[in-house]
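Engineer: Okay, here's the structure, questions in a sec.
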Amino acid sequence: MLKGNFAKLILTTFLLTMIPVILAAAGDKEPTTAEKMAGLQTMCTETETARTERQKADSLYNRLGGYDRILELTTTIVANHRVNEEINRVMEGVDDKMLAKHVADFVAAGTGGTAEYTGRDLPSSHAHMKLTDADFLSAGGDIVKAMNSMEYGQNEIDEFLCILVSLKDQVVFK
């Protein structure tokens, strides 16, 4: 039986790619960005009831470890974005520490914590980035990498990703 981060990576990779691969039914052809996005949406739709039940039992905020652990997570995500050649262009001129704090406030406020987010709304804070679905998937990969490195459970990773999927149209305009 697989254990630890390797098992999480395998399961996450499966969830992000298997449904589109099956839909594509093209042997070893790489799924398109659209197929990957469709796979994510399908995963989120199919797990909605289970995610809602988990949230009722204990907030994602608590399961993420509270504010300080969320800030550690967002700091790691920002660092991953900075070195990700597919999306690091959007990090030019960004204060990493301030961004991590704003994102931590946003995540904490949106997952059941008491933090107050006072930053800009998602559309106005992302419009200048001209993000694509491919950028969104790449950023999501950075998030999964950060969450795996911090040994979050698969349920928390999936819930976090599904929150992001629900917000995609507020940050990707192409």
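Values quoted throughout were computed directly from the atomic coordinates according to the rules given, and no laboratory measurement underlies them. These numbers come from a predicted model, not from an experiment. In this analysis, Cβ positions are derived from the backbone assuming ideal geometry, glycine residues included, and neighbour counts consider all displayed protein chains.
Engineer: Would you please state which residues of the range 147-168 a label at residue 51 would reach in this model, taking the label point 7 Å out along Cα→Cβ and a backbone N cut-off of under 14 Å?
Structural biologist: Only 154-168 fall inside the zone, counting backbone N under 14 Å.
Engineer: Extension gain residue 125-residue 42, at 0.36 nm per residue separation less the Cα-Cα distance, in nm?
Structural biologist: Residue separation times 0.36 nm, minus the Cα-Cα distance, leaves 27.2 nm.
Engineer: Are any of the pairs 29/145; 130/168; 29/168 more than 18 Å apart by Cα-Cα distance, and if so, which?
Structural biologist: Those over the limit are 29/145; 29/168.
Engineer: Shifting gears a bit: How many nm is it between the label spots at residue 154 and residue 68, if each spot is 7 Å from the Cα in line with the beta carbon?
Structural biologist: So the label points at residue 154 and residue 68 sit 3.1 nm apart.
Engineer: Here is a further query. I need the calculated FRET efficiency for the pair residue 174 and residue 116, taking r as the beta carbon distance and R₀ as 41 Å, to the nearest 0.05.
Structural biologist: It comes to 0.85.
Engineer: Express in whole angstrom the spacing between the alpha-carbon centres of the range 47-67 and the range 104-146.
Structural biologist: The range 47-67 and the range 104-146 have Cα centres spaced 18 Å from each other.
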